[in-house]
Amino acid sequence: MKNKERLESQILKLEEKYKDSGQDLSSYLDGLLYQRYLTYWDYIHLDTLLSLQVPRTHFPDEEIFIMYHQITELYFKLILHEEKQIVDDKSQNVDFFIEKLNRINNYYKALISSFSIMIRGMEREQFLQYRMALLPASGFQSAQYRTIEIYATPLEHLVFPPKRKDFSKKNSIEELYEQIYWKKGATDKSTGEKTLTLKQFEYRYTPRFIRTAKQLKNNTIYHKYLNLPEKSKHNKVLIEALKIMDVNANINWPLMHLGSAHRYLNKENTSIEATGGTNWKEYLPPSFQKVVFFPNLYSKQELNNWGKQWVDHIFNPEKIEN
């Protein structure tokens, strides 16, 4: 009897759900009747997924390079998925905030620990040859990663460090965006000219970045923290989760890239240019970028020493803990 009552209740709920769709419940049940059984490979579009690796050369390790970057972008999408939930939440529920931060930190942990695939998982000589077929494409052009930063913190915290003292939240989004730190990583130091890599990237994504930054004005993850009730702002678990995210995004993740660049692009005391002409030796070290998502969580000394362990990382990469 209980099963019959449950079934009747479910039917009533389904009728309520579909009554405004222009079709009655019976039509939807017919659709369910004729629908094929779902399979794993159809659900995750497995055949499509496995067809997305299209090397441009005959070197076997290029496929590893492609797949790793695709995996990375999927993790970035997961991070953004959680960031969007944080900024959209109106409840000011600290437990919800912490849960989403912990998920983000788990994604970063997986990303950072997986970077050994890039550091030790490819033959150096193969990389140095097939990379020339990738010009001017560069991992620098990851729009998702830039969006993660825009969701995390206001643009004034992303201004190029030497210019940061001259800019504040009083400046327009457009003014702040023009001075964003990562643009310096793809600008010729001697001429001030933007590389083709940067020009392509700006042309494709600048409108999206500006639009996103305007939507998030006073509503980034940093603002969500600042707007919490005073008691909640002192929650130690929350503060620790925010700090872990900060360190993972702005120290540990760039350090892993730096270690990879030193392995593949340093040779006999000379540096090979990265694809796209990015100034990796100056652009990648966290102590040069000095990006901090949540600056009010740190002392002056901590901010001054931000990312200085990159020197240890170059000589002892194993020191960096995930």
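Read the figures in this text as sums done on the coordinates, not as results from a lab. Computed from a prediction, not measured in an experiment: that's the story for all the values here. We place every Cβ from the backbone using ideal geometry, glycine too, and count neighbours over all the protein chains shown.
List of remarks:
- Its Cα gyration tensor gives the chain an equivalent ellipsoid. The semi-axes, each the square root of 5 times an eigenvalue, are 40, 29, 20 Å from largest down.
- Between the amide H of ILE180 and those of PHE160, distances stay under 5 Å, these residues lying 5 or more places away or on another chain, with hydrogens modeled in the peptide plane.
- Calculated mean residue ellipticity, 222 nm, the chain: -17000 deg cm²/dmol, from DSSP H runs (n ≥ 4) at -39500 (n - 2.57) each, averaged per residue and rounded to 500.
- Over the range 71-151: Rg over Rh, Cα atoms, Kirkwood Rh: 1.12
- Under the span-like rule (Cα at least 27 Å along the axis, Kyte-Doolittle mean at least -0.5), DSSP H helices of the chain: 61-88, 94-114
- In the range 136-177, trypsin sites (Lys or Arg not before Pro) in a DSSP loop with at most 10 other beta-carbon atoms within 10 Å: LYS165, LYS170
- Per residue, the convex hull around the alpha carbon atoms of the range 2-43 comes to 104 Å³.
- ASN227/ASP20 FRET efficiency (R0 30 Å; Cβ-Cβ; nearest 0.05): 0.25
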